[in-house]
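Taking it in order: structure first as structure tokens, then the write-up.
The values are calculated or read from the model by the stated rules, or taken from the named source; none is laboratory data. Just so it is clear, the model here is predicted, and its values are computed rather than measured. No Cβ is skipped: glycine too gets one built from the backbone with ideal geometry, and neighbour counts run over all protein chains shown. The protein model used for the area step is the full one, side chains on, heavy atoms only, and it has no ligands, DNA or RNA in it. Shrake-Rupley method; radii C 1.70, N 1.55, O 1.52, S 1.80 Å.
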Amino acid sequence: MQLHTFDSSAALNQQFAGEISSRLAAAITEKGTATLVVSGGKTPLPLFKALSETDLDWSRVTITLADDRWLPETHADSNEGLVKANLLQGKAATARFISLFDSESPDDAYKGAAAVAARIAELPVFDVLILGMGEDGHTASLFPCSKEIQAGLAAQAPVALAVTPATAPYQRLSLSKTRLLNSAVIYLHLVGPKKLTVLEQAMAGQDPLQMPVRAFLQQQQVPVHVMFTAN
Ligand SMILES: O=C(O)[C@H](O)[C@@H](O)[C@H](O)[C@H](O)COP(=O)(O)O
């Protein structure tokens, strides 16, 4: 794990958006297309804006989420709604978006999970994965408090699974650890001093069931860059 610390959110987002677009551009040159996986929450909003202003052949980029709340995109807490309103705008408006919601089973993530998993299974290795982290050490919707946490972290997990966190609202759809690790590079995007404390706790212990972000920080398979600013 490499920790990159910035003086401000503006400096972080400028550097980060540049790195992401260079990696996506290199993937397009090599393969013709690129895949970017983002997270929801409050942290990435200014990054999404910076990316939406970045020159890139976005029509060749597929974007999806590491997790979403099982809600229609019109709901204020839908990550899909957030991504569409903030990232799939401006220069990035032509990117293709893959939803983690299934409108055929609007009230039950457990019924809809297979349909979403089938969509995700079509995707190649993710060129760039951006994760966030909660103060309980969750990442994506791999929550330590959920009864699905063992399944989500299992080596043989499906690509995506339905999850009910005990400490956060809504049923969720999360990509599994195994699918998330099928990425060329992982960025963990952290803003604020509390997140640094949680990162230190995560690095100081071993058990991913207690802090699922450890499954990403403490592995050797994929390079992980932590992009951190205190303010
Ligand atoms: O849907 C979500 O909420 C996320 O994907 C989640 O894993 C998020 O990244 C962390 O909870 C951090 O959230 P904040 O950025 O709001 O602190």
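Within straight-line reach of Lys194, meaning a Cα separation under 19 Å, sit the following aspartates and glutamates at least 8 residues removed in sequence or on another chain: Asp7, Glu135, Asp136. With the charge dipole of the stretch 2-229 set up from +1 on Lys and Arg Cβ and -1 on Asp and Glu Cβ about the Cα centre, the Cα lying farthest toward the positive end among the listed residues Leu199, Tyr110, Ile98 is that of Leu199. Compactness of the chain is given as radius of gyration and Dmax, 16.3, 46 Å, from Cα positions. If exposed means no more than 10 neighbouring beta carbons inside 10 Å and the site is in a DSSP loop, what's the longest run of the chain without any exposed GluC sites (Glu not before Pro)? Here the longest segment lacking exposed loop sites spans 123-231. Of all lysines in the structure, those lying under 22 Å Cα to Cα from Lys84, and not within fewer than 8 positions of it along the same chain, are Lys42, Lys49. Of the accessible area of the stretch 2-229, computed with a 1.4 Å probe over protein heavy atoms only, carbon and sulfur atoms account for 52 percent. Solvent exposure of the chain amounts to 43 Å² per residue of accessible area, where only protein heavy atoms count and the probe is 1.4 Å. Ordering Ser146, Leu12, Asn79 by the projection of their Cα atoms onto the charge dipole of the stretch 2-229, which places +1 on the Cβ of Lys and Arg and -1 on the Cβ of Asp and Glu, puts Leu12 at the extreme positive end. Across the protein chains, with a 1.4 Å probe defining accessible surface, the residues Lys195, Lys31, Lys111 rank Lys111, Lys31, Lys195 from largest area downward. For the chain, hydrophobic long helices are taken as DSSP H runs at least 20 Å long by C-alpha position along their axis with mean Kyte-Doolittle hydropathy of -0.5 or more; these are 9-31. Ranking Ser174, Ser103 by solvent-accessible area of protein heavy atoms (1.4 Å probe, all protein chains present), from largest to smallest, gives Ser103, Ser174.
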